[in-house]
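Taking it in order: structure first as structure tokens, then the write-up.
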Amino acid sequence: MTSWESHAPTIDAARAGNGAALEALISVIWPHAYRIALSILRHPMAAEDAAQEACARVVAAIAGLRSSAAFGVWFYRLVVREALRIERRAPVHEALDPRALASASSLTDALVRIDVLYALGQLPARQRAVVALHFYADLNSREIAAILGAPDGTVRYQLSLARRRLESLLAAHRPSTLGEVLFDAG
């Protein structure tokens, strides 16, 4: 996870109206916004829309942010809310993002990533949000609870359910050999 504390001077300058600082901040937060949104929505174009809208909200409202220390929770809340809003408005059909596989070092790595993306797609949107914030943003359950506006125990429960479901799905879709994946006639 990005340490937002290390970006405090940029966040403070952006809060004070410094355009260059705001531009620098947006270039730092964009990849995080896109990654979290993609984890929730599973579709590159929808994730870009959510990330853009979240970044636009940062631009519009950062002056009202009470302190740079609150930035991380506030920012992730904007991203998650926008992704969940898009999901509710028009559920996105799963589309494999080629960028998610581009860094795979082998065919086996690519197949494992496909399995994980498929399994994530089987979770409800709210559980995908919890998983994305925990594993991709490296947040703990208290931080996730603050972002989602849910009790800490609820977040831990949702994460537990998601883990069990992912383990089950990944175990069920894991072929015993690469040949079964490539040459399965059934």
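Laboratory data are not the source of any read-out in this text; all were calculated from the coordinates shown. Everything quoted here is computed from the prediction, not taken from an experiment. Quick reminder, even Gly has a Cβ in these numbers, built from the backbone with ideal geometry, and neighbours come from all protein chains shown.
Would you please name the residue that is surrounded by the most Cβ atoms within 10 Å (Cβ to Cβ), looking only at residues in the stretch 1-59 that are over 14 Å from the mean Cα position of the chain (by Cα) and outside any helix (DSSP H, G or I)?
Selected residue: Asn18.
Looking at the stretch 133-160, I want the residues that are buried (at least 18 other Cβ atoms within 10 Å of the Cβ) and have a partner that is basic (Lys, Arg) with Cβ atoms under 6 Å, at least 6 apart or on another chain. Which pairs are those?
Cβ pairs passing all conditions: Ser141/Arg156; Ile147/Arg77.
Among the residues of the stretch 155-169, how many are touching a His at 6+ places or on another chain (Cβ under 7 Å) and more than 14 Å from Phe135 (Cβ to Cβ)?
0
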